[in-house]
Amino acid sequence: MDILNRNNMKRVSLIALTLLLSISAVTLNAQNNRDRKKSFQSWDNYEITTEKVGVDGTKFVKVWGFAKNVDAAVMQAKKNAVHACIFRGLPGSETAMATPAICPNPNTLEANNDYFQNFFAAGGPWLAYVNMTTDGVPSGTDRRQVKGGYKVGIYVQVMYDNLKRKLEADGIARKLSSGF
Amino acid sequence: MKKSLVIAALLLACSITGWSQAKKPTIMVVPSDSFCERNGYVQQVNAMGASSTVADYSRAMKENSDIRTLVSAMGDFMAKNDFPIQSLEQELKRLQTEDAELAMMTGKSGGEINETPLERLRRSAKADIILDLDYEVHRVGPRKQVSFNLQAIDAYSSKLISGNTGVSSDASAPMTTLLEECVLSFKDNFLSDLQHYFDDLFANGREISVTLLCYDNCPIDFEEEFEVNGESYELAEIIEAWMADNTVEGRFSTQAKSANRIRFNQVRIPLYARNMNGRDVAIDAEAFVRPLVRMLKKKPYSLVVGSSPRGLGDVWITIGDK
């Protein structure tokens, strides 16, 4: 009888331990999913590289975008390219120097939230400052199916000088000659 | 009625603010000394028996078309930013013409234009910000690659505002294309550094240097003591106290101080000051020291004082003579 009780106790402990481990694994997985979702939702989560020195007034970059389908990801990538020029700056490459952000002040986005909400709205003014240079839908390694959608990389020409002038004219960025 | 009055007052305030524009620094692209030396654009100068070589900018600009390409490309983007740069080539030509005209100029009664040797020396091409440019062409097999170095230097403080180095892509394209690629590569970084420099200028004032010199016929020197508020102070101390009171947040450094010479550097001056008509105007180094000059002319100092500007950001004050 005693042996039987002891065996039962062991079984219960084993079940409890297994349950505990499974719950923590599920929680950890959910946490990872949440983090991943959060990082995908964050606008700062994109990769951009300068490909070469663009023709006068433009920047030639490769930028990545993530969305549920390829078309939306391409659109997001274009938006990311304009976002990088305004807030993040473009990294340098072997033959092109780094490009500083048009608005290097970290508070610019917060201080002009309404302006940028309108600027980056679907079909908003941002579209006028980007040219897609990849013909057709990205394929091969530039089109990756990931959990929750697609991640695509496209080559984009950003009309950097025009974008800068627009932000200067709207009073968001400071003109070099202002004050003189 | 009240509303329209408020709007009118606001518009007036805006227009008054609009008049107060800081003095715009001049910018000039100058080939670096090492570039001139490497390419033989130098001339031998004999100064008091000691021979030395100096850069011959005039020859460099005339004989090297690549420099012209670079200057044109830089001039273009600066003009687009409402900041046209001064042309070194044109400035050198203007000085030559000015020399010739001054030599020929006589008044109706036969008088000639006065010019001291110092005035003649100072009549040279200069700018407030110097863009020191250097580049070298490298051969990569049949292709060419250009490495460049552009430094923007504050002419008065000798501080580096922006430093840009890099290489173009290696290609068999014409030199003009490679040079333009270089300019486009550093353009935005350079403009950003310049903007940072101007932001600092507006926030903390213009950085200037002030040098006080004593002529040998001056009856006193900077160690002479004067009574201020019942206490005896050296003239140098009194001048330092004036600097502390009139600079932005009292920022200045006394670089050198002796009986005959005082030099202040890293002097931060406000961009605007009130003129004799009580109006806010943009000031430079010379306008900044005018009140000091007036103070030294008055009792108890009663000195003969002169001031001579050496550009927007450097001024010499002489005591004992003008």
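None of the figures in this text is laboratory data; all of them are computed from the coordinates on show. This structure is a prediction, so every number in the text was calculated from the model and none was measured. Here Cβ is always computed from backbone atoms with ideal geometry, including for glycine, and neighbour counts include all displayed protein chains.
Within the set A:Lys164/B:Lys144; A:Lys59/B:Lys144; A:Lys164/B:Lys126; A:Lys52/A:Lys151, which residue pairs have Cα atoms separated by over 25 Å?
Numbers: A:Lys164/B:Lys144 32 Å; A:Lys59/B:Lys144 23 Å; A:Lys164/B:Lys126 31 Å; A:Lys52/A:Lys151 23 Å.
From A:Lys164/B:Lys144; A:Lys59/B:Lys144; A:Lys164/B:Lys126; A:Lys52/A:Lys151, over 25 Å: A:Lys164/B:Lys144; A:Lys164/B:Lys126.
Put a dot 7 Å past the Cα of B:Val248, heading toward its Cβ, do the same for A:Lys68, and the two dots end up 5.3 nm apart.
Listing B:Arg294, B:Arg251, B:Arg268 from the residue with the fewest other Cβ atoms within 10 Å to the one with the most, what is the order? Present the calculation step by step, with values, prior to reporting the outcome.
Details: B:Arg294 10, B:Arg251 15, B:Arg268 18.
Listing B:Arg294, B:Arg251, B:Arg268 from fewest to most nearby Cβ atoms yields B:Arg294, B:Arg251, B:Arg268.
Taking Cα atoms only, the orientation of helix B:65-80 departs from the longest principal axis of chain B by about 60 degrees. Within the shell defined by Cβ-Cβ distances under 11 Å, the residues around B:Val54 carry a net charge of -3, with Lys and Arg each +1 and Asp and Glu each -1. The trypsin sites (Lys or Arg not before Pro) found in the stretch A:124-167 that occupy coil by DSSP, while having at most 13 further C-beta atoms within 10 Å, are A:Lys147. Of all aspartates and glutamates in the structure, those lying under 15 Å Cα to Cα from B:Lys80, and not within fewer than 8 positions of it along the same chain, are A:Asp56, A:Asp161, A:Glu168, B:Asp188.
Structure shown: which of A:Lys78/B:Lys24; A:Lys62/B:Lys187; A:Lys166/B:Lys93; A:Lys79/B:Lys23; A:Lys175/B:Lys257; B:Lys257/B:Lys299 lie over 30 Å apart, alpha-carbon to alpha-carbon? Pairs exceeding 30 Å: A:Lys78/B:Lys24; A:Lys166/B:Lys93; A:Lys79/B:Lys23; A:Lys175/B:Lys257.
3J(HN,Hα) along the stretch A:167-180, derived from phi through the Karplus expression 6.51 cos²θ - 1.76 cosθ + 1.60 where θ = phi - 60°, amounts to 5, 5, 5, 7, x, 8, 9, 8, 6, 4, 8, 5, x, 9 Hz, with x in place of Gly and Pro.
When chain B is modelled as a GNM with alpha-carbon springs shorter than 10 Å, which of B:Tyr197, B:Tyr156, B:Tyr233 fluctuates the most? Of the options given, B:Tyr233 has the highest mean-square fluctuation. Between B:Asn217 and B:Val45, residue separation times 0.36 nm minus the direct Cα-Cα distance comes to 58.7 nm.
Can you compute the FRET efficiency between B:Ala273 and B:Glu112 using 1/(1 + (r/R0)^6), with r the Cβ-Cβ distance and R0 = 25 Å? Round to the nearest 0.05.
According to the calculation, E is roughly 0.10.
Taking the Cα centre of the protein assembly as shown as origin and assigning +1 to Lys and Arg Cβ atoms and -1 to Asp and Glu Cβ atoms, the resulting dipole is close to 2600 debye.
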